[in-house]
Amino acid sequence: MRHASLDIIHAEHQALAAMLRSLQMLLAQSRRDGKTPDFEVLRAMLFYIDEFPERLHHPKESELLFPAILARCPDLAHVIAKLDQDHARGERAVRDLEHALLAFEMMGDSRRVAFERAAETYVRQYLEHMAVEETEILPAARKHFGVDDWAVLDAAFEANADPLTGHLAQPDYQPLFQRILAHAPAPIGLGEAKDA
Ligand SMILES: [Fe+2]
Ligand SMILES: [Fe+2]
């Protein structure tokens, strides 16, 4: 059975994973070509990753989904504590990465390796974080939530997506997403995927 709350989380994970993998590909491509990467696209990608999960995705998980899971599955407390910790550190981590990118852009090749390593670590940890949610949290919800749990959670998620609640809604990010799409390599973008 489908549930709006899980569908929303899952769709956002897919969009974020595509963006993270595209960032990796963009860096690999520029390294292979011996050129500096397209800094404008990289900046747009990091800005998107910075804003979208922090303002829209993580709050839904930490404020709505995780407490409901914890109430039904106390044995997942340690997993949820780690995921919440990742959320709390997420903003700092992406700001550090944005600074490392700026250093690369301003200072040139001497800062390239530092940025590339930081980007690799960031992408790996973020993908791992989402994998834990997909393999431990979402299946636990499917297994343990009752009809009443779903009614509350789905209603909260649908309300949360409403711009009138004060949360930024996904449509606000569409122009930025489209701009990235136009320049980024596949699988996310329409740009040329040289290593496809
Ligand atoms: Fe998360
Ligand atoms: Fe997530």
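The values are calculated or read from the model by the stated rules, or taken from the named source; none is laboratory data. Note that the coordinates shown come from a computational prediction; the quantities given were computed from them, not determined experimentally. Cβ atoms come from the backbone with ideal geometry, glycine included; neighbour counts cover every protein chain shown.
Hey, does the stretch 40-47 have a residue that's among the charged types (D, E, K, R) and either assigned to a loop (DSSP other than H, G, I, E, B) or closer than 20 Å to His87 by Cα (or both)?
Within the stretch 40-47, the first condition is being among the charged types (D, E, K, R), and the residues that meet it are 40, 43.
Imposing the further condition that a residue be either assigned to a loop (DSSP other than H, G, I, E, B) or closer than 20 Å to His87 by Cα (or both) reduces the set to none.
No - not one qualifying residue is present in the stretch 40-47.
Going residue by residue through the stretch 65-75, is there one that turns out to be not hydroxyl-bearing (Ser, Thr, Tyr) and not in a helix (DSSP H, G or I)?
Step one: of the stretch 65-75, the residues not hydroxyl-bearing (Ser, Thr, Tyr) are 65-75.
Imposing the further condition that a residue be not in a helix (DSSP H, G or I) reduces the set to 73.
Looking through the stretch 65-75, at least one residue is not hydroxyl-bearing (Ser, Thr, Tyr) and not in a helix (DSSP H, G or I).
What number of residues within the stretch 38-53 are within 12 Å of ligand 2 (Cβ to nearest atom) and either in contact with a Phe, Trp or Tyr (Cβ under 7 Å, 6 or more places away or on another chain) or more than 15 Å from Ile8 (Cβ to Cβ) (or both)? Let's see the steps before the verdict.
Just the residues of the stretch 38-53 that are within 12 Å of ligand 2 (Cβ to nearest atom), to begin with: 52-53.
Pick out the ones that are also either in contact with a Phe, Trp or Tyr (Cβ under 7 Å, 6 or more places away or on another chain) or more than 15 Å from Ile8 (Cβ to Cβ) (or both) and you get 52.
Here the count works out to 1.
Quick one: which residue in Glu128, Glu61, Glu134, Glu116 is closer than 29 Å to Arg32 by Cα, in contact (Cβ under 8 Å) with a residue 60 or more places away in the chain and of a type outside the set (Phe, Trp, Tyr)?
Working: Glu128 fails: in contact (Cβ under 8 Å) with a residue 60 or more places away in the chain; Glu61 fails: closer than 29 Å to Arg32 by Cα; Glu134 fails: closer than 29 Å to Arg32 by Cα.
After applying the criteria, what remains is Glu116.
For the stretch 137-173, what are the residues that are under 18 Å from the mean Cα position of the chain (by Cα) and at pLDDT 75 or above?
Narrowing the stretch 137-173 to residues under 18 Å from the mean Cα position of the chain (by Cα): 137-138, 157, 160-161, 167-173.
Answer for the stretch 137-173, where residues must be under 18 Å from the mean Cα position of the chain (by Cα) and at pLDDT 75 or above: Ile137, Leu138, Phe157.
Quick check on Ala182: is it touching a Phe, Trp or Tyr at 6+ places or on another chain (Cβ under 9 Å), free of Cβ contacts under 8 Å to residues at least 40 places away in the same chain and under 30 Å from Leu26 (Cβ atoms)? Spell out how you get there, then give the answer.
Details: touching a Phe, Trp or Tyr at 6+ places or on another chain (Cβ under 9 Å): no; free of Cβ contacts under 8 Å to residues at least 40 places away in the same chain: yes; under 30 Å from Leu26 (Cβ atoms): yes.
Against the criterion (touching a Phe, Trp or Tyr at 6+ places or on another chain (Cβ under 9 Å), free of Cβ contacts under 8 Å to residues at least 40 places away in the same chain and under 30 Å from Leu26 (Cβ atoms)), Ala182 does not qualify.
Closer than 20 Å to His183 by Cβ, buried (at least 17 other Cβ atoms within 10 Å of the Cβ) and touching a strand residue (DSSP E or B) at 6+ places or on another chain (Cβ under 7 Å): which single residue out of Leu97, Leu46, Leu26, Leu20 fits that description? Working first, answer last.
Values: Leu97 fails: touching a strand residue (DSSP E or B) at 6+ places or on another chain (Cβ under 7 Å); Leu46 fails: touching a strand residue (DSSP E or B) at 6+ places or on another chain (Cβ under 7 Å); Leu20 fails: touching a strand residue (DSSP E or B) at 6+ places or on another chain (Cβ under 7 Å).
Just one listed residue meets the conditions, Leu26.
How many of the residues making up the stretch 112-141 are more than 10 Å from ligand 2 (Cβ to nearest atom) and of a type in the set (Val, Ile, Thr)?
Looking only at that region, the number is 4.
Looking at (1) over 16 Å from the mean Cα position of the chain (by Cα); (2) farther than 17 Å from Met19 by Cα; (3) more than 15 Å from ligand 2 (Cβ to nearest atom), which is the one condition that is false for Arg92?
Arg92 satisfies every listed condition except (1).
Of the numbered conditions (1) under 14 Å from the mean Cα position of the chain (by Cα); (2) under 30 Å from Ala151 (Cβ atoms), Ala18 fails exactly one; give the number of that condition.
Looking at each condition in turn, Ala18 falls short on (2).
What is the number of the single condition among (1) closer than 21 Å to His58 by Cβ; (2) among the aliphatic types (A, V, I, L, M); (3) loosely packed, with under 15 Cβ neighbours inside 10 Å; (4) more than 15 Å from ligand 1 (Cβ to nearest atom) that Ala151 does not meet?
Exception for Ala151: condition (1).
What single numbered condition from (1) within 14 Å of the chain's Cα centre (by Cα); (2) more than 25 Å from Ala155 (Cα to Cα) fails to hold for His87?
Condition (2) is where His87 drops out.
Among the residues of the stretch 128-148, write down those that are surrounded by 14 or more Cβ atoms within 10 Å (Cβ to Cβ) and not in a helix (DSSP H, G or I).
Phe145
Just one of Asp96, Asp195 is on the phi < 0 side of the Ramachandran plot and at pLDDT 90 or above; which is it? Steps first, answer last, please.
Working: Asp195 fails: at pLDDT 90 or above.
Only one candidate qualifies: Asp96.
Within the stretch 21-61, restricting attention to residues that are of a type in the set (A, V, I, L, M) and over 16 Å from Val94 (Cα atoms), which residue is farthest from ligand 1 (Cβ to nearest atom)? Before the answer, list the steps.
Of the residues in the stretch 21-61, the ones of a type in the set (A, V, I, L, M) are 23, 25-28, 41-42, 44-46, 49, 56.
In the following step, the residues that additionally are over 16 Å from Val94 (Cα atoms) were identified as 25-28.
On the way: Met25: 23, Leu26: 24, Leu27: 24, Ala28: 26 Å.
Result: Ala28.
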